[in-house]
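Note sheet for the following structure.
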Amino acid sequence: MQEDYINITLADDDEDDRLFFTDAFDEIKITTRVSTFNDGVYLMDYLNSEDALLPNVLFLDLNMPRKSGLECLKEIKQNPKFKDIAITIYSTSASEEDIENTFVQGANIYIKKPSDFKTLKKVLSEVVTINWQYHTNSMNKENFLLRF
Amino acid sequence: MTLFFKFDFNSICQIVLQQILTDNNIKYKIVGFGEVEVLEKLSKDKLSQLQTALDQYQIEIVENQKSILVQKIKDTITDMVFNEDTIVNVKSSVYLAEALGHSYGYLSNLFSEVTYTSIENFIILQKIEFAKQLIIKQNLSLTEIAFRLNYSSVAHLSTQFKNTTGITPSAFQRIIAKRRELNQQNTN
């Protein structure tokens, strides 16, 4: 049976960004469960723990203390246990270099953090909807690249 | 002598269901009341065999008609997009309505309700997905791909690709190539 909600996880050291993020998901149509972590170390500790509930979509901020989003991305991509997680880079950076590099390292989605809440809601809703299509239609995740 | 019994209907039904599923060699997991997750793909024959076995207890397999129709819509679209032999000269809305025997309005509403996206968007997503495959696997030029997928021009395909994925077809090609190179380095 299909689960009727989507599991979302965010790692971001900025408290305001975490708050906007969870608020946005409260207001979109698809039912989601959102959990957040304050940095890459907390995130990876959780994902590697035995009883971790793996997210359908993981959002990674690039600049975090202790362990950056890029380091998390590389670790996740090396572990087959995480192969079904769609990875979204969620960053203030819009440098073409960052974008292309994270895609090459295996990220599926790149979002430049929108400056207003309305756009954020729209973007997150689109990400979840498109991911849902890949998920429910067993489409090839390797070709799944999306940029906002 | 008269005996009196007390029943728990839920447990009885569950036990009966478990027995029949086991008798039919079906791997399953009870999810909740009246819901069983089947851990293997059942053929149509096996499904009707199961229904026959359940008939004597008047237990019925409930199929969700809506999800079945949505799946048919998706299958028809995928076939329309990916299968070269299915030549579609009519508009996709007309084609879908004729193939499935429902009005397009009905199909369209149902689809949006169940999948969180519209038929139009799903068709575009599938077309772009097919374009991606062609770009990677067959090294076709964009002109050839546009022709294969019935786009009026390369520009139209490129624009739709960019609108759907946020990146251009050539950036897509470059990223996938680099990613493969990296994966190869890591495995060597």
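Each reported figure results from applying straightforward, stated rules to the coordinates on display, with no laboratory input. Everything numeric in this text was worked out from a predicted model, so none of it was measured. Note that each Cβ is placed from the backbone with ideal geometry, even for glycine, and that neighbours are counted across all protein chains shown.
The condition (being under 23 Å from B:LEU69 (Cα atoms) and either among the polar types (S, T, N, Q) or not in a loop (DSSP other than H, G, I, E, B) (or both)) is satisfied by just one residue among B:ALA97, B:ALA171, B:ALA155: B:ALA97. In the condition set (1) touching a helix residue (DSSP H, G or I) at 6+ places or on another chain (Cβ under 6 Å); (2) part of a loop (DSSP other than H, G, I, E, B); (3) aliphatic (A, V, I, L, M); (4) within 14 Å of chain B (Cβ to nearest Cβ), A:LEU62 is compliant with all but (4). Within region B:157-176, the set of residues being more than 9 Å from chain A (Cβ to nearest Cβ) and either surrounded by 12 or more Cβ atoms within 10 Å (Cβ to Cβ) or in contact (Cβ under 8 Å) with a residue 60 or more places away in the chain (or both) comprises B:LEU157, B:SER158, B:THR159, B:GLN160, B:PHE161, B:LYS162, B:THR168, B:PRO169, B:SER170, B:GLN173. B:ASP45 meets the conditions (1) away from every other protein chain (no Cβ under 14 Å); (2) surrounded by 10 or more Cβ atoms within 10 Å (Cβ to Cβ); (3) of a type outside the set (Gly, Ala, Ser); (4) without any contact (Cβ under 8 Å) to a residue 24 or more places away in the chain in every case but one. The failed one is (2).
Based on this model, can you work out whether B:ASN109 counts as assigned to a helix (DSSP H, G or I), within 11 Å of chain A (Cβ to nearest Cβ) and surrounded by fewer than 17 Cβ atoms within 10 Å (Cβ to Cβ)? Spell out the reasoning first.
Values: assigned to a helix (DSSP H, G or I): yes; within 11 Å of chain A (Cβ to nearest Cβ): no; surrounded by fewer than 17 Cβ atoms within 10 Å (Cβ to Cβ): yes.
No, not satisfied.
Tallying residues that are in contact with a Leu (Cβ under 7 Å, 6 or more places away or on another chain) and closer than 14 Å to A:THR88 by Cβ within region A:128-148 yields 1.
In this structure, A:THR129 does not qualify as closer than 18 Å to B:ARG174 by Cβ, of a type in the set (Ser, Thr, Tyr) and assigned to a helix (DSSP H, G or I). Taking the stated definitions as given, is A:THR22 surrounded by 13 or more Cβ atoms within 10 Å (Cβ to Cβ), more than 14 Å from chain B (Cβ to nearest Cβ), within 24 Å of A:LYS118 (Cβ to Cβ) and over 11 Å from the mean Cα position of the chain (by Cα)? Spelling it out, A:THR22 is indeed surrounded by 13 or more Cβ atoms within 10 Å (Cβ to Cβ), more than 14 Å from chain B (Cβ to nearest Cβ), within 24 Å of A:LYS118 (Cβ to Cβ) and over 11 Å from the mean Cα position of the chain (by Cα).
Every condition in (1) without any contact (Cβ under 8 Å) to a residue 40 or more places away in the chain; (2) within 12 Å of chain A (Cβ to nearest Cβ); (3) of a type in the set (A, V, I, L, M, F, W, C) holds for B:ILE123 except the one numbered (1).
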